[in-house]
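Accompanying notes for the structure given below.
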Amino acid sequence: MKPGALPKLLRGAAALGAAALAALLTVSGATWRLDDFFYDLHLSHWGYTPEGDVVVVAIDDRSLNELGQWPWPRDIHAQMLDRLGYAGVRGVALDLVLAEPDRSGDEHDRALAASMRRLGRVALPVVTAPLRQNAPPVEVLPTPVIATAASTLGHTDIELDAEGTARGLYLKAGLGDARWSALSLALISLDAGVARDPLPGLRRPASDRGSPYQWTRDNYVRIRYAGPPDTFSQVSYADVLSGQVPAELLRDRWVVIGVTATGLAPRYLTPMSEDQRMHGAEYQANVLEMLLHRRAIVPLAPWWQALLAAAMLLAVVYTMVNPRLQRPALIAGGAALLAAAGSIVLLRLTDLWFPPAGTIATIGLAYLAWLIGHLRHWRREANVDTLTQLGNRRRFDHVLQRELASARRTRAPLSLALIDVDHFKAYNDAHGHRAGDKLLQKIAAVIAAHARRPRDLPARFGGDEFAVILPDTHVEGAAQVADAILADMRKLDARYGPREDQRVSLSVGLYTCVPSPHTHVRTVFDGADAALYRAKENGRDRREAARLGEL
């Protein structure tokens, strides 16, 4: 073997391994949370001003107040469609489920059907639902009278990601076969001038045959939202019906009619806002605007994603480990930035989405293995008491300091419970240290069972002393937790003598405050400790509370 051949072979193997890992991470979707975070962060700053050719007619709270209890007789919708037809709208997506005959009489269904025929270009939704409990789903269409009058039907299946965010949409879907277009797509397909052929979107594999009872989807795209909720022009249903909305505002526009009234229809999280939810009518308006102006975002096919990720890692890692180059940190950092920036540029210029997190993560693994190892060690650092598996004193001190600082910022109440085991020495003397350890484990389990929220921290100081940190907890809530712990403790068989009163119990001291800038950890601890002392003085097996601060 020639000199230097082995290092080159090893460099090549490292580069190939990193390339394979990047391809695997990208295609498997293992880093989807990071990808979606990056995607949402960018998309939330990539809004646009709608062209003004889509209007939402909202069945809002004011409309319900003026027109009466929902659902309305369908002749009201017939009047609305006639009003829209008179205004000269281009088409209407009537996003209402009309699967049952009108309760007020068949003549109202016939009136609605007649107005739909007069208007033309009316799209109605198709939904799926089981006919009875535990039965397979079926496609639910409008009543025959109304369905035959509709210009087209489309599905309203809103695709929610794992954390409940509506990022994408399947343009085609149906039971067994993806034969229904999405509602907005079905509507604009009635206009040959704006219909798209072929459809955009990531295709379902041809070999993937759907079951007749399975909802089958195809042509997946990500939605390019115009902005956060209430970005689209919205008019009240009652105002349109009464003629208060000028016809010029509706003429030659696409209209989405949907329910926005409080409590009548679900709202959805979108990448455009972390706290505001978007009602279904505006969601459909965003889809309609996106399709009309060809703004759909299409994810790259998996094999293209794998190829791009592997090619980048092959070049980066091989360059990083080249002994002639002395800037591996610069190479790794630059490559990570290039992957992120390249994903954004590709998205903005071509409406193609390449998830970069797998590539960036693999670059980080290639250069920062020691840092990631350190971070993993930090995250895994238990700070746990080995006997009871509760937090230890170090963990307690750290969390109390952190929660006190958080409570100062948010002006939220913070409660601390100090717990002491009564007569534990007598129990140890009577049954031995092994039995005492088992009793401490049972007590720890009782305490942990009532500190259930993610930020609650049960801890053991050592010996027979315990504590519970309860963030965002008022006096009454802390008292309920303490009472529940005491009640469960009384159920334990923890006698150390023959008499009924010779039983191990707990004394609990509670302290609750809304911390001020002058409240310190010592203040909180001393308050709970003073309450614990009173609980012991007053006979044990009880709780006492100290309540200081601005509540």
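The values are calculated or read from the model by the stated rules, or taken from the named source; none is laboratory data. Quick caveat: nothing in here was measured; it's all calculated off a predicted structure. Positions of Cβ are backbone-derived with ideal geometry, glycine not excepted, and every protein chain shown enters the neighbour counts.
Could you list, in sequence order, all residues of region 273-328 that are more than 29 Å from the chain's Cα centre (by Cα) and among the aromatic types (Phe, Trp, Tyr)?
Tyr318
Could you list, in sequence order, all residues of region 231-268 that are modelled with pLDDT under 90 and either outside the structural domain of Asp82 (by TED's automatic domain parsing) or at positive phi (or both)?
Across region 231-268, the qualifying residue is only Gly263.
Every residue, every condition in (1) of a type in the set (Asp, Glu); (2) without any contact (Cβ under 8 Å) to a residue 12 or more places away in the chain; (3) surrounded by fewer than 22 Cβ atoms within 10 Å (Cβ to Cβ), yes or no:
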site	(1), (2), (3)
Gln79	no, no, yes
Gly88	no, no, yes
Ala93	no, no, no
Arg103	no, no, yes
Asp109	yes, no, no
Ala114	no, no, yes
Ala123	no, no, no
Val126	no, no, no
Ala129	no, yes, yes
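Answer yes or no: is there a residue in region 396-419 that is over 30 Å from Ser516 (Cβ atoms) and buried (at least 20 other Cβ atoms within 10 Å of the Cβ). Give the derivation first.
Initially, region 396-419 is screened for residues over 30 Å from Ser516 (Cβ atoms), giving none.
No: region 396-419 contains no residue that is over 30 Å from Ser516 (Cβ atoms) and buried (at least 20 other Cβ atoms within 10 Å of the Cβ).
Could you tell me which numbered condition Ala206 fails, if it satisfies all but one of (1) of a type in the set (A, V, I, L, M, F, W, C); (2) at pLDDT 90 or above; (3) within 30 Å of Pro137 (Cα to Cα)?
Of the numbered conditions (1) of a type in the set (A, V, I, L, M, F, W, C); (2) at pLDDT 90 or above; (3) within 30 Å of Pro137 (Cα to Cα), the odd one out for Ala206 is (2).
Going by what's in this entry, would Asp464 be described as under 39 Å from the mean Cα position of the chain (by Cα), of a type outside the set (A, V, I, L, M, F, W, C) and within 28 Å of Arg522 (Cβ to Cβ)?
Numbers: under 39 Å from the mean Cα position of the chain (by Cα): no; of a type outside the set (A, V, I, L, M, F, W, C): yes; within 28 Å of Arg522 (Cβ to Cβ): yes.
Considered against the rule, which asks whether it is under 39 Å from the mean Cα position of the chain (by Cα), of a type outside the set (A, V, I, L, M, F, W, C) and within 28 Å of Arg522 (Cβ to Cβ), Asp464 comes out as no.
Can you confirm whether Leu171 is crowded, with 16+ Cβ neighbours inside 10 Å and more than 29 Å from Phe37 (Cβ to Cβ)? Let's see the steps before the verdict.
Working: crowded, with 16+ Cβ neighbours inside 10 Å: yes; more than 29 Å from Phe37 (Cβ to Cβ): no.
Judged against the criteria, Leu171 is not a match.
Determine whether Leu96 is within 18 Å of Gln284 (Cα to Cα), hydrophobic (A, V, I, L, M, F, W, C) and in the same structural domain as Leu241 (by TED's automatic domain parsing).
Details: within 18 Å of Gln284 (Cα to Cα): yes; hydrophobic (A, V, I, L, M, F, W, C): yes; in the same structural domain as Leu241 (by TED's automatic domain parsing): yes.
Taking the combined requirement at face value, the residue satisfies it.
Condition first: in a helix (DSSP H, G or I) and either more than 26 Å from the chain's Cα centre (by Cα) or in the same structural domain as Arg167 (by TED's automatic domain parsing) (or both). Now tell me which residues in region 347-369 satisfy that.
The first filter runs over region 347-369 and keeps only residues in a helix (DSSP H, G or I), leaving 347-350, 357-367, 369.
Listed by number, the residues that qualify are Leu349, Thr350, Ile363, Gly364, Leu365, Ala366, Tyr367, Ala369.
Tell me whether region 471-483 contains one or more residues that are buried (at least 19 other Cβ atoms within 10 Å of the Cβ), assigned to a strand (DSSP E or B) and either among the basic types (Lys, Arg) or in contact with a helix residue (DSSP H, G or I) (Cβ under 6 Å, 6 or more places away or on another chain) (or both). Spell out how you get there, then give the answer.
In the first step, residues of region 471-483 are kept if they are buried (at least 19 other Cβ atoms within 10 Å of the Cβ); the result is 471, 473, 478, 481-482.
Next, only the ones that are assigned to a strand (DSSP E or B) stay: 471.
From what is left, the residues that are either among the basic types (Lys, Arg) or in contact with a helix residue (DSSP H, G or I) (Cβ under 6 Å, 6 or more places away or on another chain) (or both) are 471.
Yes, the conditions are met somewhere in region 471-483.
When only residues in region 499-541 that are of a type in the set (Lys, Arg) and in contact (Cβ under 8 Å) with a residue 40 or more places away in the chain count, which is nearest to Arg408 (Cα to Cα)?
To start, the set of residues in region 499-541 that are of a type in the set (Lys, Arg) comprises 499, 503, 522, 534, 536, 540.
Applying the additional criterion that residues be in contact (Cβ under 8 Å) with a residue 40 or more places away in the chain yields 503, 536, 540.
Values: Arg503: 41, Lys536: 31, Arg540: 33 Å.
It comes out as Lys536.
Does Ser343 satisfy the condition of being among the small types (Gly, Ala, Ser) and in the same structural domain as Tyr367 (by TED's automatic domain parsing)? Walk me through how you get there before you give the answer.
Numbers: among the small types (Gly, Ala, Ser): yes; in the same structural domain as Tyr367 (by TED's automatic domain parsing): yes.
Here the answer is yes, as Ser343 does meet what is asked.
Given the conditions (1) over 30 Å from Pro517 (Cβ atoms); (2) out of contact with any helix residue (DSSP H, G or I) (no Cβ under 7 Å at 6 or more places or on another chain), which single one is not true for Asn428?
Asn428 satisfies every listed condition except (2).
Take Ala459 and decide whether it is assigned to a strand (DSSP E or B) and small (Gly, Ala, Ser).
Numbers: assigned to a strand (DSSP E or B): yes; small (Gly, Ala, Ser): yes.
The answer is yes for Ala459.
Report those strands (runs of 3 or more DSSP E) wholly inside region 227-294 carrying at least 2 residues which are over 21 Å from His155 (Cα atoms).
Numbers: elements: 234-236, 254-259, 267-270, 273-279.
Ranges flagged: 234-236, 273-279.
Just for region 331-359: of the residues that are among the polar types (S, T, N, Q) and in contact (Cβ under 8 Å) with a residue 24 or more places away in the chain, which one is surrounded by the most Cβ atoms within 10 Å (Cβ to Cβ)? Quick ask: steps written out before the conclusion?
Of the residues in region 331-359, the ones among the polar types (S, T, N, Q) are 343, 350, 359.
Filter once more, so that each one left must be in contact (Cβ under 8 Å) with a residue 24 or more places away in the chain: 343, 359.
Numbers: Ser343: 24, Thr359: 32.
Top of the filtered list is Thr359.
Among the residues of region 521-551, count how many are out of contact with any helix residue (DSSP H, G or I) (no Cβ under 8 Å at 6 or more places or on another chain) and modelled with pLDDT of 90 or more.
Here is the first cut: in region 521-551, the ones out of contact with any helix residue (DSSP H, G or I) (no Cβ under 8 Å at 6 or more places or on another chain) are 522-523, 526-540, 549-550.
In the following step, the residues that additionally are modelled with pLDDT of 90 or more were identified as 522-523, 526-540.
Qualifying residue count, region 521-551: 17.
Contact list please: Cβ distance under 7 Å, first residue in region 306-328 and assigned to a helix (DSSP H, G or I), second residue at pLDDT 75 or above and aromatic (Phe, Trp, Tyr), pairs at least six apart or on different chains.
Filtered contacts from region 306-328: Leu308/Phe354.
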